[in-house]
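Engineer: Supplied in structure tokens, the structure appears directly below.
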Amino acid sequence: YAKPILALTAADKDPRTFPNENFIEKIKSFADSTQLGDTSQLNDDIWGILALISAGASQSDPVVQNSKSFILSNQNTDGGWAWNVEGTSDTNDTAAAIMALFEAGLQTSDPVIRNAISYLKAAQNNDGGFPYDPVSPYGIDSDANSDAWIISLAYKLGENPTSWTKNDNNP
């Protein structure tokens, strides 16, 4: 339900009443006292926070706070996050996790965020772009999807994405 909620709020529609269902109640029905959705995944918590906040949920909402705690407790030692628990960090989920954690109340100065940004900056390729997984045995070429996540994150940080440079190149 997270992505439809985001689409509805972007279209200035109320996900509580459009079309004739309450998508907020639906998404919250997947929450328990520790997190939202599947306990083996992080991306459902990331998307859940983004969706709930976009629909007007408070940062103090228990589902938001539990998902925030779950995301924080599953940050990898390299500073990034994966789409799943104990997975290898990737740039896309890391950028999305940072944005969700901002929405849940963390600040840019928080060490968790600083470590995640360091992970992303270390992943940047010489062409200025970003790979999905900077240690993938299947290739580490920059891709437009990963670049888009980093560009979106840069704006969320209040930065110009052209300031994310490597070898005078940017995403």
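Engineer: Can you tally the lysine pairs in the chain where the Cα-Cα distance is under 30 Å and the two residues are eight or more apart, or on different chains?
Structural biologist: Number of lysine pairs found: 19.
Engineer: Filter the chymotrypsin sites (Phe, Trp or Tyr not before Pro) in the range 133-171 to those in DSSP coil with at most 16 other Cβ atoms within 10 Å of their Cβ, and list the result.
Structural biologist: Tyr138
Engineer: Would you mind working out the magnitude of the charge dipole of the range 1-148 relative to its Cα centre, with +1 at each Lys and Arg C-beta and -1 at each Asp and Glu C-beta, to the nearest 20 Debye?
Structural biologist: That gives a dipole near 380 debye.
Engineer: A further question follows. Could you identify which residue out of Asp143, Asp90, Asp44 has the top mean-square fluctuation in a GNM of the chain using Cα springs shorter than 10 Å?
Structural biologist: Asp143
Engineer: Continuing with the same structure: At 1.4 Å probe size, with the rest of the protein present, what percent of the exposed accessible area of the range 55-171 is carbon and sulfur atoms?
Structural biologist: With neighbouring chains kept in place, the figure for the range 55-171 is 47 percent.
Engineer: Can you check what the net charge comes to around Gln107, using other residues whose Cβ is under 15 Å from the Cβ of Gln107 (Lys, Arg +1; Asp, Glu -1)?
Structural biologist: Result for the local shell: 0.
The values are calculated or read from the model by the stated rules, or taken from the named source; none is laboratory data. For clarity, every value in this text was computed on a predicted model and none was experimentally measured. Positions of Cβ are generated from backbone atoms using ideal geometry, with glycine treated the same way; all protein chains shown enter the neighbour counts. Side chains included, ligands, DNA and RNA excluded: accessible areas come from the protein's heavy atoms. Shrake-Rupley method; radii C 1.70, N 1.55, O 1.52, S 1.80 Å.
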